[in-house]
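Before any comments, here is the structure.
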Amino acid sequence: MSLDVPTALLERAERGEVDDADFVEVVRVSLPYAWEVVSRVAGELHSGTTEFADNVVAPPDEVARGQLLRAMASDAIRGGLERHFKVKLAFQNCHRVAAFPIAAVGGETYTTFIGTRAQLLNQSPELRNC
């Protein structure tokens, strides 16, 4: 199980929709490494003048790697993070998370980053097992 959902929130979810703030708080608490990475790249994007900000540091261990993979693989988690941080996330390999301005989606830099050529060029022998 990737998220530690408090009983009260699970009961509310069984009765109907829950708001993004409650969901994102569960993500923050349950996947702290993923939260830290996304929070950092979103902050760098919002405070800088670059077209995007990305994480190029490998996770410190397999637990952290698993958190990041779960966050990026889940449409609900990824979407919640994107709405919370007001960014579009892109993901390569097992740790390269990038934050783009939402307006960049469809643009040349974003399209290049998410393209097959960039994925192939971002490979290395040490990343093949992730």
- Carbon and sulfur together cover what percent of the accessible area of the chain at a 1.4 Å probe radius? 55 percent
- Cα long-axis angle, helix 20-30 against the chain (0 to 90 degrees, to the nearest 10): 80 degrees
- Item | Simple label model, 7 Å out from Cα along Cβ direction - Leu10 to Arg117, nm | 4.9 nm
- Message: Relative contact order of the chain, please, whole-number percent, based on alpha carbon pairs below 8 angstrom and at least 6 residues apart.
- Response: 23 percent
- Message: Sequence gap at least 6, Cα distance under 8 Å: using those rules, report the relative contact order of the stretch 20-70 to the nearest whole percent.
- Response: 40 percent
- How long is the gain from Ser47 to Glu108 if the chain were fully straight, where each residue apart is worth 0.36 nm and the alpha carbon distance is subtracted? 19.8 nm
- Note on the structure: Site Glu17, offset 7 angstrom along Cα→Cβ, radius 19 Å on amide nitrogen, limited to the stretch 59-80, gives 75-80
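The values are calculated or read from the model by the stated rules, or taken from the named source; none is laboratory data. This one's a predicted model, so the numbers in the text were calculated from it and none came from an experiment. Heads up, the Cβs are rebuilt from the backbone with ideal geometry, glycines too, and the neighbour counts pull from every protein chain shown. Ligands, DNA and RNA are stripped out before the accessible areas are found, and what is left, the full protein with its side chains, is counted by its heavy atoms. Shrake-Rupley method; radii C 1.70, N 1.55, O 1.52, S 1.80 Å.
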